[in-house]
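What follows is a set of notes on a single structure, which appears directly below.
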Amino acid sequence: MSVTISTQDDAAVAYLTGEIDHHTAAIIRADIDEVIEKQRPKMLIIDFSAVTFTDSSGIGLVLGRYKFMNAVGGKVRVTGLDSRMYKVMCLAGLDKLVALEKKEEKR
């Protein structure tokens, strides 16, 4: 698992790659939180396009970043979700807190 974070204007984009589990989520969380603390973006975009697996740690990762961004006056958008991840995040109620976007799936 890796995360690459780019910033532009008032937004930070975290590009996640690989699998998210309890161990990798902690590393990703620390990397994203460091950028939020230093840059104070108004929007955090978490891109799941290259995520191949996530358990409940992915939900916790998004929820924690929502709480952090909310505390500093920012918003969160999650992009690139496959159908399964989108459904699980909606069932967890994240769609009521952050903007969730599915990725275009090839047929």
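The values are calculated or read from the model by the stated rules, or taken from the named source; none is laboratory data. Bear in mind that the values here come from a model prediction, so they are computed numbers and not experimental data. Quick reminder, even Gly has a Cβ in these numbers, built from the backbone with ideal geometry, and neighbours come from all protein chains shown. Surface accessibility is based on the protein's heavy atoms, side chains included, excluding ligands, DNA and RNA. Shrake-Rupley method; radii C 1.70, N 1.55, O 1.52, S 1.80 Å.
Please state, to two decimals, what the Cα-based radius of gyration of the range 1-60 comes to when divided by 2.2 N^0.38 Å (N = residues).
Compared with the compact-globule rule of thumb, the range 1-60 sits at 1.07.
Give the calculated FRET efficiency between GLU104 and ARG77 to the nearest 0.05, with a Förster radius of 22 Å applied to their Cβ-Cβ distance.
0.85
Using 0.36 nm times the number of residues separating GLU34 and ASP95, minus their current alpha carbon distance, what extension gain do you get?
Extending this stretch completely gives an extra 19.5 nm.
Between the DSSP loop rule and a limit of at most 10 other Cβ atoms within 10 Å, which chymotrypsin sites (Phe, Trp or Tyr not before Pro) in the range 1-80 are left?
Loop-located and lightly packed - none at all.
Between the DSSP loop rule and a limit of at most 16 other Cβ atoms within 10 Å, which GluC sites (Glu not before Pro) in the range 59-107 are left?
GLU104, GLU105
Just to confirm, what accessible area per residue do you get for the chain at 1.4 Å probe, in whole Å²?
On a per-residue basis, 59 Å².
For every helix of n ≥ 4 consecutive DSSP H residues, a contribution of -39,500 (n - 2.57) applies; sum these over the chain, divide by its total residues, and give [θ] at 222 nm rounded to the nearest 500 deg cm²/dmol.
Calculated from helices alone, the mean residue ellipticity at 222 nm is -13000 deg cm²/dmol.
Computed from the coordinates I sent, Rg and Dmax of the Cα atoms in Å equals one of (i) 15.8, 57; (ii) 24.8, 83; (iii) 12.7, 41. Tell me the label.
(iii)
Percent of accessible area on the chain owned by carbon and sulfur, 1.4 Å probe?
Ligands and nucleic acids excluded, carbon and sulfur give 49 percent.
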